[in-house]
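The values are calculated or read from the model by the stated rules, or taken from the named source; none is laboratory data. The shown structure was predicted, so the numbers you read here are calculated from the model rather than taken from an experiment. Ideal geometry is used to build each Cβ from the backbone, glycine not excepted, and the neighbour counts take in all protein chains shown.
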Amino acid sequence: MSLPNSRPLDNSCELNRMVKRLYTSPNKGFIEVGPCNVFMINNFEQVYDGIKNLTVYDDDVFLLGFPKSGTRWTQEMVWLICNDFDYEGAKETILTRRFPTLEFDGVTHYNINITKTISEMKRPRLLKTHLPWSLCPDDITSYSKKPKVKHHICR
């Protein structure tokens, strides 16, 4: 499966020049992806198939929202509700392990294989993404699976 409508951004693109100047992590360039032209680190090309082909279960919980819109706070609330307000459990395990971000490998330079980590999680799985609907797993976008909760956060 290839990235839909993807194109690399070269140095003639003002947005690419600005981000390269301000983005301090090492990177190999940027791409625009999908029908909404989402701006991503080009690592996303390597993880896209894993995201689109992720097996989704009806008892999964997906938190979808824009960056900086309260997703971290909402993750903590949802995790506590789904785990009978186990505050000690929340203290023992960091949030990124309890409620991982679906596109983590595609927006960072760590190589942890997040889709493998997610597939090995106990259910129900709690997952967060900042991806637009069109880039979410096929099981969701095709409506073949219906996670019990889809929480959309809007600005």
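Can you confirm whether segment 16-37 contains a residue that is in the same structural domain as residue 119 (by TED's automatic domain parsing) and either in contact with a Ser or Thr (Cβ under 7 Å, 6 or more places away or on another chain) or among the basic types (Lys, Arg) (or both)? Explain how you work it out, then say what you get.
Of the residues in segment 16-37, the ones in the same structural domain as residue 119 (by TED's automatic domain parsing) are none.
Within segment 16-37, none of the residues are in the same structural domain as residue 119 (by TED's automatic domain parsing) and either in contact with a Ser or Thr (Cβ under 7 Å, 6 or more places away or on another chain) or among the basic types (Lys, Arg) (or both).
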The condition from (1) farther than 30 Å from residue 29 by Cβ; (2) without any contact (Cβ under 8 Å) to a residue 60 or more places away in the chain that residue 78 misses is numbered (2)
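Okay, residues lined up against (1) surrounded by 13 or more Cβ atoms within 10 Å (Cβ to Cβ); (2) farther than 25 Å from residue 144 by Cβ; (3) of a type in the set (A, V, I, L, M, F, W, C):
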residue	(1), (2), (3)
3	yes, no, yes
22	no, yes, yes
32	yes, yes, no
35	no, no, no
39	yes, yes, yes
43	yes, yes, no
52	yes, no, no
57	yes, no, no
May I ask you to list the residues in segment 81-99 that are of a type in the set (Gly, Ala, Ser) and in contact (Cβ under 8 Å) with a residue 12 or more places away in the chain?
90
Please verify whether residue 69 is among the polar types (S, T, N, Q), under 27 Å from residue 145 (Cβ atoms) and either surrounded by fewer than 17 Cβ atoms within 10 Å (Cβ to Cβ) or at pLDDT below 85 (or both), treating the condition exactly as stated.
yes
In segment 117-140, what count of residues is obtained for those that are assigned to a helix (DSSP H, G or I) and either without any contact (Cβ under 8 Å) to a residue 24 or more places away in the chain or within 9 Å of the chain's Cα centre (by Cα) (or both)?
1
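Residues checked against (1) within 20 Å of the chain's Cα centre (by Cα); (2) under 17 Å from residue 134 (Cα atoms); (3) modelled with pLDDT under 75:
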| residue | (1), (2), (3) |
| --- | --- |
| 3 | yes, yes, yes |
| 14 | no, no, no |
| 27 | yes, no, yes |
| 39 | yes, yes, no |
| 52 | yes, yes, no |
Take residue 65 and decide whether it is assigned by TED's automatic domain parsing to the domain that holds residue 147 and touching a helix residue (DSSP H, G or I) at 6+ places or on another chain (Cβ under 7 Å).
yes
